[in-house]
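To start, the structure itself, in structure tokens.
The values are calculated or read from the model by the stated rules, or taken from the named source; none is laboratory data. What you are looking at is a predicted structure, and each value in this text was computed from that prediction instead of being measured. Reconstructed Cβ throughout: ideal geometry from the backbone, glycine too, with neighbour counts over all protein chains shown.
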Amino acid sequence: MLATSRNQIGRALPLIIATLVVGVGAYFVCVSALDELQDSQAEYVAKSFGKYLMHEVPDLTGIVSGRVASGEPAEVLGTIKPIGTVFKFRIYDQNGDLKVDSSPFAAGHVVNPKNSFQDVTAQGVASTGRSNFVLQHGDGEVLPLYYSEVMVPLMAGDRRIGAISVLSDQTESWPDLLDQLRLIFFQVIALVAIAFGVPVILYLRKHAQVEFAQRHLRHSAEHDELTGVLNRAGFARALAKQVDLAGTSSASVAVHMIDLDRFKDINEIGGHSLGDEVLKHVSAEIGKVVANRGQVARLGADEFAVLQFLTPGVAHEAADLADGVARAIARPFALGNTAIKAEASIGYADYPGGGRTADDLLRAADIALQHAKRHSRGHAVSFDRSMDAQRQTRRRIEARLRTALAENGFELYYQPIFEVSTSQLRGFEALLRLNDDEGRPISPVDFIPVAEEVGLIDEIGMWVLHEACGAAVQWPDQLFVAVNLSPAQFSSGGMPLKVRDAIKASGLRPQRLELEVTESLLITDTKKVLHELSAIRAQGPTLALDDFGTGYSSLSYLWRFPFDKLKVDRSFMADVTVPDSKSREILATIVALGKVLNLTITAEGVETEAQAEVLRELKCDLVQGYLFGRPQRSTDVAATILKAFGTSARPVDPVEARAPAAVRRA
């Protein structure tokens, strides 16, 4: 029986061996096929990603060659995020030197030459055009458990300009492929006959996976990962397609640019996780309003866009959608236990009114958005051609401001301030002046808001403060200098320290410095502003509430804040000489209030002797205006002082003061 068993085993041995040989052979065939699949898929993803970078990043060839290291190409490259399974990429030049690194630990995407190194493999890929594929194992934390590193040539058209190394996460697909390998192996052992069908199955599977990878890559390249709507690239392609269609048919489109107001506050209060949920909510609300009338996109952190399909002959369609989106975003909602109130500024433009190309439409909508953010926050604004002219003017003013800061192009004028009862000179107000490149004056009404908007006001304000203190220290000790402070200067904090430094640097006695602020400062962060104003006054300078009577004029400001003076706005001078006029009654009340609160009252914009006489009757304390002296250069101040202290100060001839009032505020 033992011999029979041995004979059966002996006869079956060739079959067993053949089965094992075929099974092992089939196993290695499967392994080879799967390796090829991984290699091919990763190579395709890498090449597609390289094409994507070449398309999205302007002058990527210049970055790779080292000719470009900063500017718009580097900034655009810095916004590129890995997509799909890709989590990291590097770009080398033809010599294998590292030029671009997307590592989150790198200082920037464009690699500093000092931190670059040469990769022999990259040099070989760039020179031969042959790709290099490696499957790696990670720790599952810093690096995925399974990931592929494939290096392929980076092509600019038909020319190789270097090599790109792409790392793709294979953690999800690799275990699935191993399971498939085991299944195929056991099937081959059980049914050797179907071994010939394995290559066909593998080919079909490979083809399906490659097709899936292509679809996934295309979707990831054109959609925002957080909200699922179109991203900037997808929106640009959709817009270009619709504009081309509008140019050849009666169809029309509109572009809406949407920017969330004060979104930074939401992130600071609830963290970025809350901010992400708000962005998802806003995206969904916009989608509900737009519905099938267009496409929604997220262009940046808190910036959205809508491509609207307009119905021919229907008026106000773009305006209605923009207003609807603004209302939808403004509706309060709750996320968990947090109540959220969001608002958005919207600018929109339609075809062809805003432009006949995609770029022109985007530019027009963005101009309208900037106008909305400056003048109509929380509302929708339609593009108007005049906005572009205003934008260009603001850009020229901004450029002039920056040049003036760099080249000391500002100048201070000083307008004298007199005591009403004695006509004695008491001080000067420092007024900032700026000319354009051709020497023509730019009104402070125009350049101060621009300086505040672009963040230059703090530096300009400190220059004014130091310059005015430095000039005043040369005047007689009984004269003060008044300097205006912008509310924007208080936003960065530390104003008391800045004032102290200016006083210390000039050697001016602190009591000779008067700092003027407007009511708009007081309604922002009352507690913080009160603390800073109190700290400033404790150092010695006097504080004046400027333009009193034009804003809220809340009496609570006068005893909550440590003011020493009230400056009455020039608008009261228009009809103050008319008997029983409202301006005269209000001015009398302000003067009386000043006496009660022990505040010095200064009247601005006095241009006639009749106005001055009314102020004397009302017992106003100080006065300034064209009647008593025009703003003058620092070189002319000495003559005014000598005249005031050499003889009794007197007003200038009223005939000389008949020129129209000039803009005073700096």
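Please work out which residue is farthest from Ser634 (Cα to Cα), limiting yourself to region 420-452 and to residues that are surrounded by fewer than 16 Cβ atoms within 10 Å (Cβ to Cβ) and either in contact with an Asp or Glu (Cβ under 9 Å, 6 or more places away or on another chain) or of a type in the set (Lys, Arg) (or both).
Ser421
Considering region 60-85 alone, what residues qualify as being at pLDDT 85 or above and outside any helix (DSSP H, G or I)?
Once the filter is applied, which keeps residues that are at pLDDT 85 or above and outside any helix (DSSP H, G or I), region 60-85 yields only Arg67.
Of everything in region 298-335, what is under 23 Å from the mean Cα position of the chain (by Cα) and among the aliphatic types (A, V, I, L, M)? Give them in sequence order. Lay out the reasoning, then the answer.
Filtering region 298-335 for residues under 23 Å from the mean Cα position of the chain (by Cα) gives 298-307, 322, 325-326, 329-330.
Leu299, Ala301, Ala305, Val306, Leu307, Ala322, Val325, Ala326, Ile329, Ala330, listed by residue number.
Taking the condition free of Cβ contacts under 8 Å to residues at least 40 places away in the same chain, within 26 Å of the chain's Cα centre (by Cα) and not assigned by TED's automatic domain parsing to the domain that holds Ala301, does Val76 pass? Show your work before the answer.
Numbers: free of Cβ contacts under 8 Å to residues at least 40 places away in the same chain: yes; within 26 Å of the chain's Cα centre (by Cα): yes; not assigned by TED's automatic domain parsing to the domain that holds Ala301: yes.
Yes.
Hey, could you check region 616-654 for residues that are β-branched (Val, Ile, Thr) and assigned to a loop (DSSP other than H, G, I, E, B) and say which is modelled with the highest pLDDT?
Residues of region 616-654 that are β-branched (Val, Ile, Thr), as a first pass: 623, 635, 637, 640-641, 647, 652.
Still in the list and also assigned to a loop (DSSP other than H, G, I, E, B): 647, 652.
Numbers: Thr647: 47, Val652: 39.
Filtering first and then ranking leaves Thr647.
Of all residues in region 412-443, which are of a type in the set (Gly, Ala, Ser) and in contact (Cβ under 8 Å) with a residue 12 or more places away in the chain? Break it down stepwise before answering.
Kept after step one, since they are of a type in the set (Gly, Ala, Ser), are these residues of region 412-443: 421, 423, 427, 430, 439, 443.
Within region 412-443, Ser421, Ser423, Gly427, Ala430, Ser443 meet the criteria.
Which ones in region 230-278 are more than 23 Å from Met54 (Cβ to Cβ), assigned to a helix (DSSP H, G or I), among the aliphatic types (A, V, I, L, M) and at pLDDT 90 or above?
Val243, Val278
What's the number of the condition Val499 fails, among (1) without any contact (Cβ under 8 Å) to a residue 40 or more places away in the chain; (2) crowded, with 20+ Cβ neighbours inside 10 Å?
(1)
Identify the residue in region 503-546 that is among the small types (Gly, Ala, Ser) and more than 24 Å from Glu453 (Cα to Cα) and, among all such residues, is surrounded by the most Cβ atoms within 10 Å (Cβ to Cβ). Give the steps one after another, and end with the answer.
Let us first name the residues in region 503-546 that are among the small types (Gly, Ala, Ser), namely 505-507, 520, 534-535, 538, 540, 544.
If we keep only those that are more than 24 Å from Glu453 (Cα to Cα) too, we end up with 505-507, 534-535, 538, 540, 544.
Values: Ala505: 13, Ser506: 20, Gly507: 9, Ser534: 13, Ala535: 15, Ala538: 11, Gly540: 15, Ala544: 23.
Looking at the filtered set, the residue picked out is Ala544.
All but one of (1) surrounded by fewer than 23 Cβ atoms within 10 Å (Cβ to Cβ); (2) in contact (Cβ under 8 Å) with a residue 40 or more places away in the chain; (3) closer than 14 Å to Leu239 by Cβ hold for Asp359; which doesn't?
Every condition holds for Asp359 apart from (2).
Quick check on region 131-150: of everything there that is touching a helix residue (DSSP H, G or I) at 6+ places or on another chain (Cβ under 7 Å) and either of a type outside the set (S, T, N, Q) or in a strand (DSSP E or B) (or both), which residue is nearest to Val166 (Cα to Cα)?
Across region 131-150, the extreme among qualifying residues is Val150.
Might you check whether a residue that is surrounded by 19 or more Cβ atoms within 10 Å (Cβ to Cβ), part of a loop (DSSP other than H, G, I, E, B) and on the phi < 0 side of the Ramachandran plot occurs anywhere in region 314-324? Break it down stepwise before answering.
Taking region 314-324 as the starting set, the residues that turn out to be surrounded by 19 or more Cβ atoms within 10 Å (Cβ to Cβ) are 318, 321-322.
Then keep just the ones that are part of a loop (DSSP other than H, G, I, E, B); that gives none.
Within region 314-324, not a single residue is surrounded by 19 or more Cβ atoms within 10 Å (Cβ to Cβ), part of a loop (DSSP other than H, G, I, E, B) and on the phi < 0 side of the Ramachandran plot.
With respect to the numbered conditions (1) closer than 24 Å to Asp458 by Cα; (2) outside any helix (DSSP H, G or I); (3) free of Cβ contacts under 8 Å to residues at least 60 places away in the same chain, which one is the sole condition not fulfilled by Val381?
(1)
So in region 110-130, with the set limited to residues that are part of a loop (DSSP other than H, G, I, E, B) and exposed (fewer than 12 other Cβ atoms within 10 Å of the Cβ), which one is farthest from the chain's Cα centre (by Cα)?
Of the residues in region 110-130, the ones part of a loop (DSSP other than H, G, I, E, B) are 111-112, 116-117, 119, 129-130.
Okay, now just the ones that are also exposed (fewer than 12 other Cβ atoms within 10 Å of the Cβ), so 112, 117, 130.
Numbers: Asn112: 26, Phe117: 34, Arg130: 42 Å.
That would be Arg130.
Tell me yes or no: at least one residue of region 357-372 is in a strand (DSSP E or B) and among the hydroxyl-bearing types (Ser, Thr, Tyr). Full working, then the answer.
Going through region 357-372, the residues in a strand (DSSP E or B) turn out to be none.
Within region 357-372, none of the residues are in a strand (DSSP E or B) and among the hydroxyl-bearing types (Ser, Thr, Tyr).
Tally time: how many residues in region 605-620 are touching a Gly at 6+ places or on another chain (Cβ under 6 Å) and of a type outside the set (D, E, K, R)? Please lay out each step first, then the result.
Looking only at region 605-620, we keep the residues that are touching a Gly at 6+ places or on another chain (Cβ under 6 Å), and these are 605-607.
Then keep just the ones that are of a type outside the set (D, E, K, R); that gives 605-606.
Total satisfying the criteria: 2.
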